[in-house]
Amino acid sequence: MLTKPVQTAINRQINSELMASYSYLAMSAWCDQQNFTGAARWLRVQSQEEYGHAMRLFDFMLAKDAAPVLASLGDPKGAFKSLLDVFKTAYGQEQGVTRQINALYELAFKEKAYDTAVQTQWFVNEQVEEERSMREIVAKLEMVGEDAPSILEIDRELGSRAPAAGGGEGE
Ligand SMILES: [Fe+2]
Ligand SMILES: [Fe+2]
């Protein structure tokens, strides 16, 4: 049995993982339109990963015989000033998710929901990687500034990201 507060918190987390997926998809579309096809690909893979995060929690709830409640998603931000703006937004978003994951982890212990704590631990680790990759991209883009050839080089590098495992589930 998952307690009511735990269920509410997991449902909220499912919503924000799906919102993140939606948001990265919007960023991907913007990048593609600006001919940053490498970043567009990177962000599409990221969107699939976030979908996979939502599904992890969705499946966990079902395994615990609790009903996932899917709430509506807001409009994702779809307009950006630059590629740097895209990744700064992404970095801020991930920092927000980290705070939310930490709160979920804390709640799981408070509610003595050890299974939920173990599930959430995977996300605690994942957020370390997520923040690191966003921070690295932001730093590189800041380093090169307005230099078009360097920006295109970063874009090319981003384009080499492999597709999410299992088409977006489980990672
Ligand atoms: Fe996520
Ligand atoms: Fe993320």
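The values are calculated or read from the model by the stated rules, or taken from the named source; none is laboratory data. Predicted, not measured: the structure shown is a model, and the values here were computed from it. Note that each Cβ is placed from the backbone with ideal geometry, even for glycine, and that neighbours are counted across all protein chains shown.
Annotations for the structure displayed:
- Each residue in segment 1-55 was checked for being more than 23 Å from Asp115 (Cβ to Cβ), without any contact (Cβ under 8 Å) to a residue 24 or more places away in the chain and of a type in the set (Lys, Arg), and 1 pass.
- Residues in segment 95-118 that are within 16 Å of ligand 2 (Cβ to nearest atom), touching a helix residue (DSSP H, G or I) at 6+ places or on another chain (Cβ under 7 Å) and touching a residue at least 60 places away in the same chain (Cβ under 8 Å): 4 in all.
- In segment 19-28, the residues that are more than 9 Å from ligand 1 (Cβ to nearest atom) and crowded, with 21+ Cβ neighbours inside 10 Å: Ser23, Tyr24, Met27, Ser28
- Matching entry among Val138, Val118, Val128 (being in a helix (DSSP H, G or I) and either of a type in the set (Lys, Arg) or closer than 24 Å to Thr3 by Cβ (or both)): Val118
- The listed residues are Ala71, Ala66, Ala79, and the only one of them that is at pLDDT 95 or above, away from ligand 1 (no atom under 16 Å from the Cβ), outside any helix (DSSP H, G or I) and under 14 Å from Ser23 (Cα atoms) turns out to be Ala79.
- Residues of segment 77-124 that are among the small types (Gly, Ala, Ser) and under 11 Å from Val138 (Cβ atoms): Ala90, Gly92.
- Selection within segment 34-55 - within 14 Å of the chain's Cα centre (by Cα) and more than 12 Å from ligand 2 (Cβ to nearest atom): Trp42, Arg44, Met55
- Thr8 falls short on exactly one of the conditions (1) buried (at least 19 other Cβ atoms within 10 Å of the Cβ); (2) more than 16 Å from the chain's Cα centre (by Cα); (3) of a type in the set (Ser, Thr, Tyr), and that condition is (1).
- Taken together, the residues in segment 123-142 that are of a type outside the set (A, V, I, L, M) and surrounded by 13 or more Cβ atoms within 10 Å (Cβ to Cβ) amount to 8.
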